[in-house]
Amino acid sequence: MKIGIGNDHTAVALKNEIMKHLESRGFEVVNYGTDETTSFNYALAGETVAEAVVRGDVDCGIAICGTGIGISIACNKVNGIRACVCSEPFSAKLSKQHNNSNVLCFGARVVGSELAKMIVDEWVNATYEGGRHAERVQTIMDIESKNC
Ligand code: RB5
């Protein structure tokens, strides 16, 4: 699986740790984020990783800012994206199984690196269950289409 990762200036160190962690587990990771700690607009970072997911350049995305909130809002403005902010592994797993999330977000000022790795592991190892969830996810995408 190929994973795109994006971040703002608050999340450079955590992004690097997560990249190393994923690569050590055999994932290919594409870095779309900033590597500088000077101010970088989280909305642009989110847009870049989200567009890479929608284009199919990567299979899914991880987006990190200070809280995970701003970057997730930006990601969700790109058609086709279901980005979820998760601060613990349970929600990360369920966001894939039930909501078919295609971008995982979290906050570098919220979670430490060990917790972030657990969140990422649960998410990348989870599978969308479809079934009763499919109609609900389709409803979300219909709302998006109606509001383009
Ligand atoms: C940057 O200071 C901060 O606002 C950003 O990283 C993020 O937390 C926004 O939601």
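Ordered by the number of other Cβ atoms lying within 10 Å of each residue's own Cβ, fewest first, D8, D57 fall into the sequence D57, D8. Where a Cα-Cα gap under 25 Å defines reach, which lysines qualify for K146, not counting those fewer than 8 residues away within the same chain? Reachable lysines: K77, K96. When the alpha carbon gyration tensor of the chain is reduced to an equivalent ellipsoid, the three semi-axes, largest first, read 23, 17, 13 Å. Note on the stretch 82-143 and the stretch 32-54: Cα centroid distance 19 Å, given to the nearest whole angstrom.
Think of the chain as having a plus end and a minus end, set by charges on the Cβ of Lys, Arg, Asp and Glu; of V49, V12, I140, I140 sits farthest toward the positive end of this dipole. Taking the DSSP bridge list for the stretch 1-98 and keeping only pairs wholly inside it, about 0 percent are antiparallel.
Dipole magnitude for the stretch 33-148: computed about the Cα centre from +1 point charges on Lys and Arg Cβ and -1 point charges on Asp and Glu Cβ, it is near 320 debye. Answer rounded, prolate or oblate for the stretch 32-93, using the Cα gyration tensor with square roots of eigenvalues a ≥ b ≥ c: rounded when a/c is under 1.5, else prolate when a/b is larger than b/c, else oblate. Verdict is oblate for the stretch 32-93. Each residue in S145, S87 was given a count of other beta-carbon atoms within 10 angstrom of its own, and listing them fewest first yields S145, S87.
Here the spin labels are modelled as points 7 Å beyond Cα on the Cα-Cβ line, and at A134 and N31 they lie 4.0 nm apart. Packing, as the average of other Cβ atoms within 10 Å across residues, places the peptides 32-45, 9-22, 59-72, 128-141 in the order 59-72, 9-22, 32-45, 128-141, highest first.
Every number here is computed from the coordinates shown, using simple stated rules; none is lab data. Computed from a prediction, not measured in an experiment: that's the story for all the values here. Using ideal geometry, Cβ is built from the backbone for each residue, glycine included, and neighbour counts are taken over all protein chains shown.
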